[in-house]
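**Q** Sharing a structure here in C-alpha coordinates format.
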Amino acid sequence: MRGLIVRSPWIDHILDDTKRWEIRGSATIIRGRIALIQGGSGIVVGTADLVGCLALTRDEYLQGEVYHCIPADQANVVRYKHIYAWVMSNPERVTPPIPYQHPRGAVIWVHLPFEIGA
(Lines give C-alpha, C1' and ligand atoms only; values in the text may rest on other atoms or scores of the structure.)
Protein backbone atom coordinates (compact mmCIF):
# COMPACT_ATOMS: atom_id res chain seq x y z
CA MET A 1 0.00 0.00 0.00
CA ARG A 2 1.19 3.52 -0.71
CA GLY A 3 1.28 6.08 2.06
CA LEU A 4 1.13 9.82 1.42
CA ILE A 5 3.04 12.01 3.86
CA VAL A 6 1.00 15.04 4.92
CA ARG A 7 1.99 17.56 7.58
CA SER A 8 -0.20 18.84 10.39
CA PRO A 9 -2.64 20.55 10.47
CA TRP A 10 -3.53 19.58 6.89
CA ILE A 11 -3.75 15.85 7.57
CA ASP A 12 -6.35 16.46 10.27
CA HIS A 13 -8.43 18.54 7.86
CA ILE A 14 -8.34 15.66 5.35
CA LEU A 15 -9.36 13.14 8.02
CA ASP A 16 -12.14 15.46 9.24
CA ASP A 17 -13.40 15.52 5.62
CA THR A 18 -13.11 19.32 5.43
CA LYS A 19 -10.10 19.31 3.09
CA ARG A 20 -10.76 17.62 -0.26
CA TRP A 21 -7.73 18.98 -2.15
CA GLU A 22 -4.16 18.25 -1.10
CA ILE A 23 -2.14 20.93 -2.88
CA ARG A 24 1.10 19.78 -4.49
CA GLY A 25 3.60 21.07 -7.04
CA SER A 26 3.41 18.02 -9.31
CA ALA A 27 0.70 15.84 -10.80
CA THR A 28 0.08 12.24 -9.77
CA ILE A 29 -1.34 9.31 -11.71
CA ILE A 30 -1.90 7.30 -8.53
CA ARG A 31 -5.53 6.49 -7.80
CA GLY A 32 -7.26 4.34 -5.23
CA ARG A 33 -7.10 3.78 -1.49
CA ILE A 34 -3.97 5.23 0.11
CA ALA A 35 -2.65 5.48 3.64
CA LEU A 36 -2.23 8.90 5.21
CA ILE A 37 0.98 9.39 7.15
CA GLN A 38 1.40 12.26 9.58
CA GLY A 39 4.61 14.01 8.57
CA GLY A 40 7.47 13.55 11.01
CA SER A 41 5.60 11.09 13.20
CA GLY A 42 6.37 7.63 11.82
CA ILE A 43 2.70 6.67 12.05
CA VAL A 44 -0.16 5.99 9.67
CA VAL A 45 -3.18 7.88 10.98
CA GLY A 46 -5.77 7.20 8.31
CA THR A 47 -6.75 6.26 4.79
CA ALA A 48 -8.52 7.99 1.91
CA ASP A 49 -9.38 7.47 -1.72
CA LEU A 50 -7.20 9.47 -4.10
CA VAL A 51 -9.74 10.00 -6.88
CA GLY A 52 -8.23 12.63 -9.13
CA CYS A 53 -5.65 15.26 -9.88
CA LEU A 54 -6.54 18.75 -11.11
CA ALA A 55 -4.15 21.27 -12.66
CA LEU A 56 -5.13 24.64 -11.16
CA THR A 57 -4.57 28.16 -12.34
CA ARG A 58 -3.44 30.59 -9.68
CA ASP A 59 -6.96 32.08 -9.60
CA GLU A 60 -8.62 28.66 -9.23
CA TYR A 61 -6.24 27.88 -6.37
CA LEU A 62 -6.96 31.21 -4.65
CA GLN A 63 -10.71 30.68 -5.01
CA GLY A 64 -10.55 27.10 -3.72
CA GLU A 65 -10.15 27.71 0.01
CA VAL A 66 -13.30 25.70 0.71
CA TYR A 67 -11.54 22.66 -0.82
CA HIS A 68 -7.93 23.06 0.39
CA CYS A 69 -8.48 24.91 3.71
CA ILE A 70 -5.49 27.20 3.20
CA PRO A 71 -6.47 30.65 4.55
CA ALA A 72 -6.40 33.45 1.98
CA ASP A 73 -3.52 35.25 3.72
CA GLN A 74 -1.39 32.09 3.38
CA ALA A 75 -2.70 31.04 -0.04
CA ASN A 76 -1.28 34.19 -1.64
CA VAL A 77 2.20 32.75 -1.13
CA VAL A 78 2.19 30.11 -3.87
CA ARG A 79 5.45 28.20 -3.63
CA TYR A 80 4.87 25.98 -6.64
CA LYS A 81 5.54 26.84 -10.28
CA HIS A 82 2.60 24.57 -11.21
CA ILE A 83 -0.28 23.95 -8.82
CA TYR A 84 -2.11 20.64 -8.59
CA ALA A 85 -5.00 19.55 -6.39
CA TRP A 86 -4.85 15.88 -5.45
CA VAL A 87 -8.52 15.12 -4.88
CA MET A 88 -9.37 13.03 -1.80
CA SER A 89 -12.60 11.37 -0.70
CA ASN A 90 -13.85 8.86 1.91
CA PRO A 91 -11.26 9.59 4.61
CA GLU A 92 -11.13 7.31 7.65
CA ARG A 93 -9.02 7.53 10.78
CA VAL A 94 -7.03 4.46 11.80
CA THR A 95 -7.48 3.62 15.47
CA PRO A 96 -5.01 3.06 16.94
CA PRO A 97 -2.48 4.70 14.59
CA ILE A 98 -0.08 2.24 12.94
CA PRO A 99 3.69 2.74 13.28
CA TYR A 100 5.90 2.01 10.28
CA GLN A 101 9.60 2.13 9.45
CA HIS A 102 10.20 5.35 7.51
CA PRO A 103 12.57 4.79 4.59
CA ARG A 104 15.44 7.20 4.22
CA GLY A 105 14.76 9.96 1.70
CA ALA A 106 10.98 9.49 1.47
CA VAL A 107 9.30 12.91 1.38
CA ILE A 108 6.02 12.40 -0.53
CA TRP A 109 5.24 8.67 -0.80
CA VAL A 110 6.13 5.64 1.30
CA HIS A 111 5.63 2.07 0.11
CA LEU A 112 4.12 0.28 3.12
CA PRO A 113 4.63 -3.48 3.56
CA PHE A 114 1.02 -3.90 4.71
CA GLU A 115 -2.55 -3.09 3.68
CA ILE A 116 -4.99 -1.17 5.84
CA GLY A 117 -8.62 -2.16 5.90
CA ALA A 118 -8.10 -5.06 3.50
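The values are calculated or read from the model by the stated rules, or taken from the named source; none is laboratory data. As the structure is a computational prediction, the values presented were derived from the model and not from experiment. Please note: Cβ atoms are built from the backbone with ideal geometry, for glycine as well, and neighbour counts cover all protein chains shown. Just the protein is used for accessible areas: all its heavy atoms, side chains included, with ligands, DNA and RNA removed. Shrake-Rupley method; radii C 1.70, N 1.55, O 1.52, S 1.80 Å.
**Q** By what distance, in whole Å, do the Cα atoms of the chain stretch along each of the three principal axes, largest value first?
**A** Principal-axis extents of the chain (Cα, largest first): 39, 28, 23 Å.
**Q** Going by average Cβ density within 10 Å per residue, which order do the peptides 33-46, 92-105 take, highest to lowest?
**A** Peptide ranking by packing, descending: 33-46, 92-105.
**Q** A further question follows. Subtracting the Cα-Cα distance from 0.36 nm times the residue separation, let me have the gained length for Gln63 to Arg24 in nm, one decimal.
**A** Taking 0.36 nm per residue and subtracting the Cα distance, the gain is 12.4 nm.
**Q** Stretched out fully, how many nm does the piece from Arg7 to Ile108 gain, at 0.36 nm a residue minus the Cα gap?
**A** Result: 35.3 nm gained on full extension.
**Q** If you average the alpha carbon positions of the range 3-39 and of the range 47-97, how far apart do those two centres end up, in angstrom?
**A** The distance from the Cα centre of the range 3-39 to that of the range 47-97 comes to 8 Å.
**Q** Here's something else I'd like to know. Would you rank Trp10, Trp21 by solvent-accessible area, highest first, keeping every protein chain in place and using a 1.4 Å probe?
**A** So, going from the largest accessible area down, we get Trp10, Trp21.
**Q** Please arrange Asp73, Asp16 by accessible surface area, largest first, computed with a 1.4 Å probe and ligands excluded.
**A** Reading off the accessible areas and sorting them downward yields Asp73, Asp16.
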